Amino acid sequence: MKIFSPSFFLLSIKVSLVSLVFSLQVSKKAEREISKVFEIEQAVLVQTLEQDMPGIDQDRLYTVFDQGQALGYAYVGEASSQTDTFEYLVIFDTNFTVKKAKVLVYREDYGSEIGSKRWLKQFLDKTPDDRFAYRQNIAAISGATISVKSMTNAMNNLMISLASWQNNGEPNKS
Amino acid sequence: MKQLTVICVLLSFFGFSQSMNFQNSAMRQLSNLENSENRITLGGYGEINFNGYDGAPNEIDVQRLVLLFAYKFDDRTQFVTEVEYEHVQEVYVEQAFVNYNITDNLNARAGLMLVPMGIINEYHEGPTFNGVERPSLDDTIIPTTWREIGFGIAGRSNELSFRYQLYAMNGFVSFNDDNYILIGSDGLRKGRQKGAESVNSDINISAKIEYYGLPNIRFGLAAYSGKTQTTDLDNAATQVGLTMLGADYRYTKGRFSSRGQWAQTRLKDVAAYNAAGNKDLGSTMGGYYIEGAYNLLPLTNRQRLDIFVRYEDFDTHKKTAGGMTANPAYHRKETTVGFSYHLAPGVVFKGDYQNKKTAASDDVIGQLNFGVGFFF
């Protein structure tokens, strides 16, 4: 996997999530959170993948750059809640260790508990070698079962996809 | 919940072609197709139960079948409704409200809504609770499914792991067409108006806060206050004041789960109401239940087999007014033991035995129940 060179991405129009598949609301929140986690002014985001990988669409995974240096990765996913879908953000360091998991936009009342910082902490410091299972190593939230299972499965599948990608010699952990 | 996109149904059902003044129906249909993903949601839940009684004929019933429709107008605006069939032939609208998302932490909503009180009134799909029948406390003290028309705000804080709801709603009817409606055995239950041509004379306030910031457990605290509704505004004896408080918890860790609930209602002006209507309404009613369950199957299994026990103690004559003697038959104690076999997420087969008695005698009434419940 090739990460675009700094000279290339500076010219690229794809430096902002806004121009991509996500709504303005999702993009803004994602960018704000990424900048906050890496403690930088304005993150420069470049698609990590040149094409879709099994389980990971190329427009969902970004390499985070600041002043030409790769700081880590950000994944924006979508999962189902009871009657709608929600977007979530997972921020990784350069070794794909989870630095932050956050629900960006949740569109209904039922199940909104999964946005709880306290609950999402369970995913911190996990790597693609970790697996998540509802009620086994991920706590339930009564009244939010559908969304909790959905987020747990989404995180688990993401880790499986990242692991298989890494095992195939990718990504370039520069 | 499974999301289905049903454009044709959607167009005819919601009649968009008439409401859009800058697009014809075909244009609207096209733009709907473009944005159709997840706009409409269909879902449902239901329970089909067998009740075997001591010394009385058994009953087999499609207790309820509820069809849920939700429509998303845009990212902020959603309409949710549940159409319910009870006992096959009674049709109700259980919920019908518009939710408008103002900020991440604040929604405004209006319409026919569930009153946030206790656990079951808001979370009552068969696979979400143990026991073929709902807890009796959630029938007699909290009259589930309790819903009224109103408006208010709801939201949560991700930072504080806290959820809130605050509504102004219509209340129970205590007097309608020369009839005094509320009685001692089930308190407020017969006063539910369910949003059907309901009488309104006084606004009631309903609020609930929930905290889920500790691992595996969540707590709820609810309050409801106001006056009952009457068609005779000149006769004060046709109304009572009420304040209901509720507290609940739900705990889940590994194969063990537990929940409990306490609720109490204090009523005012009951003596005059009882005298005018020749009724036996209590002035304080309330009680609690506590339940524990254990999953016999390994957590890695897709299925779950919970065995559970629940104890309930509640009384609709905890206190009486006007010198009325409390009826000990209204003080009920029930133990339920059974299983919930979750065949797949969303489908449960349940069985239990209930041991019911009152403070009036040592006689025990047994009841055997079996049922299937589903939720999608």
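The values are calculated or read from the model by the stated rules, or taken from the named source; none is laboratory data. The structure presented is a predicted model; accordingly, all values stated were derived computationally and were not measured. All Cβ positions, glycine included, derive from the backbone under ideal geometry; neighbour counts span all protein chains shown.
Among the residues of the stretch B:144-167, those identified as closer than 13 Å to B:I205 by Cα and either among the small types (G, A, S) or facing chain A (nearest Cβ under 8 Å) (or both) are B:G150, B:G152. Taking the stretch B:63-101 as the range and being among the hydrophobic types (A, V, I, L, M, F, W, C), free of Cβ contacts under 8 Å to residues at least 24 places away in the same chain and loosely packed, with under 15 Cβ neighbours inside 10 Å as the test, the residues that pass are B:F73, B:V91. Of all residues in the stretch B:69-119, those satisfying the criterion of being of a type in the set (D, E) and within 13 Å of chain A (Cβ to nearest Cβ) are B:D74, B:D75, B:E82, B:D104.
A residue that is over 17 Å from the mean Cα position of the chain (by Cα) and within 30 Å of B:K208 (Cβ to Cβ) can be found somewhere in the stretch A:119-136.
When we screen B:R218, B:R189 for residues that are buried (at least 16 other Cβ atoms within 10 Å of the Cβ), touching a helix residue (DSSP H, G or I) at 6+ places or on another chain (Cβ under 9 Å), more than 14 Å from chain A (Cβ to nearest Cβ) and on the phi < 0 side of the Ramachandran plot, the only hit is B:R189. Quick check: anything in the stretch B:221-230 among the charged types (D, E, K, R) and within 14 Å of chain A (Cβ to nearest Cβ)? So far as the stretch B:221-230 goes, no, none of its residues is among the charged types (D, E, K, R) and within 14 Å of chain A (Cβ to nearest Cβ). Checking each residue of the stretch B:194-206 against the condition of being touching a Ser or Thr at 6+ places or on another chain (Cβ under 6 Å), over 30 Å from A:I141 (Cα atoms), touching a residue at least 24 places away in the same chain (Cβ under 8 Å) and not basic (K, R) gives at least one match. Of the residues examined, B:G338 is not one that is closer than 30 Å to A:A139 by Cα, assigned to a strand (DSSP E or B) and within 14 Å of chain A (Cβ to nearest Cβ).
The residues of the stretch B:297-314 that are touching a Lys or Arg at 6+ places or on another chain (Cβ under 9 Å), surrounded by 13 or more Cβ atoms within 10 Å (Cβ to Cβ) and within 14 Å of chain A (Cβ to nearest Cβ), listed by number, are B:L297, B:L299, B:R304, B:D306.
For the stretch B:232-248, check the following and say yes or no: at least one residue is within 14 Å of chain A (Cβ to nearest Cβ) and either assigned to a loop (DSSP other than H, G, I, E, B) or surrounded by fewer than 16 Cβ atoms within 10 Å (Cβ to Cβ) (or both). Checked against the condition, which is being within 14 Å of chain A (Cβ to nearest Cβ) and either assigned to a loop (DSSP other than H, G, I, E, B) or surrounded by fewer than 16 Cβ atoms within 10 Å (Cβ to Cβ) (or both), the stretch B:232-248 yields no hits at all. Screening A:I141, A:I146 for residues that are at pLDDT below 95, touching a Phe, Trp or Tyr at 6+ places or on another chain (Cβ under 8 Å) and more than 20 Å from B:E159 (Cβ to Cβ) leaves exactly one candidate, A:I146. As for the stretch B:105-124, it holds no residue that is over 27 Å from B:A207 (Cβ atoms), touching a helix residue (DSSP H, G or I) at 6+ places or on another chain (Cβ under 9 Å) and in contact (Cβ under 8 Å) with a residue 60 or more places away in the chain.
Yes or no, residue by residue, for (1) modelled with pLDDT of 95 or more; (2) among the charged types (D, E, K, R); (3) buried (at least 22 other Cβ atoms within 10 Å of the Cβ):
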| site | (1), (2), (3) |
| --- | --- |
| A:A74 | yes, no, yes |
| A:S80 | no, no, no |
| A:T85 | no, no, no |
| A:T94 | yes, no, no |
| A:K102 | yes, yes, no |
| A:Y106 | no, no, yes |
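Of the set (1) farther than 16 Å from A:R60 by Cα; (2) within 14 Å of another protein chain (Cβ to nearest Cβ); (3) assigned to a strand (DSSP E or B), all apply to A:S150 but (3).
Is it the case that some residue within the stretch A:89-105 is at the interface with chain B (Cβ under 9 Å from one of its Cβ atoms) and of a type in the set (S, T, N, Q)? Checked the stretch A:89-105: no residue is at the interface with chain B (Cβ under 9 Å from one of its Cβ atoms) and of a type in the set (S, T, N, Q). With respect to the conditions (1) assigned to a helix (DSSP H, G or I); (2) polar (S, T, N, Q); (3) under 30 Å from B:V98 (Cβ atoms), A:T83 lacks only one, and its number is (1). Count of the stretch B:129-157 residues, restricted to those that are under 15 Å from B:Q63 (Cα atoms) and β-branched (V, I, T), is 3. Total residues in the stretch B:341-366 satisfying the condition of being touching a Lys or Arg at 6+ places or on another chain (Cβ under 8 Å) and either in a strand (DSSP E or B) or more than 25 Å from B:M285 (Cβ to Cβ) (or both): the figure is 9.
In the stretch A:111-125, the residue that is nearest to the other protein chains (Cβ to nearest Cβ) out of those that are part of a loop (DSSP other than H, G, I, E, B) and surrounded by fewer than 20 Cβ atoms within 10 Å (Cβ to Cβ) is A:L124.
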